[in-house]
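One structure below.
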């Protein structure tokens, strides 16, 4: 099978990490012929080069909505002749439509990775959304909440939850090295792994740290990630003298930091399925998320593996205090979370579901050819 994967970037982000996990699985476990097409040449996940997969850059010349990629992508599809185009985003799905129609290549679109549409019916983004839904053979979301948020109700739509390589979390980690590296001397660590973007609420993260600091001095908050909002958060830490927060910047090996922590926190406005929450749980940590309407409730078993809490610093702090003060409950929640990830969020399960989609859409395409 020849699959052409088409996405905009390989910047640090949940969608990109999910794609990378899938590419690694296919490279190691199948004989698929795979090419990755990008519209940006800056690649943050350097590991993609180690996979030995051909990478093609189709740069946009003018704006984000530049029509130029339509032509170049079509020409590359004629050259590579894939059995399936698998796009990873609404804009790359839109760029794929002419190639799908003119070359009769099935189009699988992983176009929904969040649970907050955020734009109206008279916007250009809504036009792209409607065109993608109409022309794609299959529409994939990584959460049920995503399909509900975008009001996608069609037999073509399917949910495939994120999956991770479980062996990443089965290594031995040294928490003392993490503490030494970042100068942490407190008994407890609360970690948040998330990019510093508009969608993640690091200001609330700081509010929670300040709330905890009012009553205890034994807890350090670690923020792991990079992004355009990082400097603003650093300024606030300095201006308000918040002394129980450490920002690590971008880290390739986040597992070692999460492993050294006691509670996984995600202050966010809305999520599809969060890789950070999956990683917290895979490493046996109880989870607190502020995502009340997104996909976090599809991962977290309320009161069993963690909590989904409204965006209120005092209520979040109360839950953190409860977990830190009750070791047995903290460990029990962590163990249940780890079991849930092993059973429902493995890369094997995710990849098998993708393969099922590919086989089904190819079979449907063959039957259409015979009818015509």
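Calculate how many DSSP beta bridges within segment 169-344 are antiparallel, expressed in % of all such bridges and rounded to the nearest 5.
Counting only bridges with both partners in segment 169-344, antiparallel ones make up about 5 percent.
With a ≥ b ≥ c taken as the square roots of the eigenvalues of the C-alpha gyration tensor of segment 122-269, please select rounded if a/c is under 1.5 and otherwise prolate if a/b is larger than b/c or oblate if it is not?
prolate
Roughly how far apart, in whole Å, are the Cα centres of segment 344-372 and segment 183-232?
Cα centroid of segment 344-372 versus Cα centroid of segment 183-232: 42 Å apart.
Measuring from centroid to centroid over Cα atoms, what is the spacing of segment 279-338 and segment 93-138 in Å?
35
Expressed as an acute angle from 0 to 90° and rounded to the nearest 10, what is the orientation of the C-alpha long axis of helix 313-325 relative to the principal long axis of the chain?
Rounded to the nearest ten degrees, it is 70.
Rounded, prolate or oblate: which fits segment 17-88, taking a ≥ b ≥ c as square roots of the Cα gyration tensor eigenvalues, rounded meaning a/c under 1.5, else prolate when a/b beats b/c?
On the way: a/c = 2.39, a/b = 1.42, b/c = 1.68.
Judged from the Cα gyration tensor, segment 17-88 comes out oblate (a/c at least 1.5, b/c at or above a/b).
With n ≥ 4 as the cut-off for DSSP H runs, can you work out [θ] at 222 nm for the chain, using -39500 (n - 2.57) per run divided by the number of residues, rounded to the nearest 500?
Calculated mean residue ellipticity at 222 nm is -14000 deg cm²/dmol.
Using 7 Å Cα-to-Cβ label points, what is the residue 30/residue 199 separation (nm, one decimal)?
Going from the residue 30 label point to the residue 199 one covers 2.4 nm.
Just order 280-287, 236-243, 210-217, 3-10 by mean Cβ neighbour count inside 10 Å, highest at the front, would you?
Answer by packing, highest mean first, reads 280-287, 3-10, 210-217, 236-243.
When you count, for each residue, the other Cβ atoms within 10 Å and take the mean per peptide, how do 246-253, 269-276 rank with the highest first?
Details: 246-253: 14.1, 269-276: 25.9.
Packing order, densest peptide first, comes out as 269-276, 246-253.
According to the square roots a ≥ b ≥ c of the eigenvalues of the Cα gyration tensor, what is the shape class of segment 169-344, taking rounded for a/c under 1.5, prolate for a/b larger than b/c otherwise, and oblate for the remainder?
Cα axes put segment 169-344 in the rounded bin.
Roughly what angle does helix 124-135 make with the longest principal axis of the chain, taking Cα atoms, 0 to 90 degrees, to the nearest 10?
60
Which angle between 0 and 90 degrees, to the nearest 10, do you get for helix 202-213 versus the longest principal axis of the chain when only C-alpha atoms count?
Helix 202-213 sits roughly 20 degrees off the main axis of the chain.
Give me Rg/Rg_expected for segment 184-237, where Rg uses Cα atoms only and Rg_expected = 2.2 N^0.38 Å with N residues.
1.14
Students often check this: by mean Cβ neighbours within 10 Å, which of 254-266, 310-322 ranks highest, and how do the rest follow?
254-266, 310-322
Read-outs: derived from the displayed coordinates by stated rules, not from any lab. Since the structure is predicted, the reported quantities are computational estimates derived from the model, not experimental observations. Note that each Cβ is placed from the backbone with ideal geometry, even for glycine, and that neighbours are counted across all protein chains shown.
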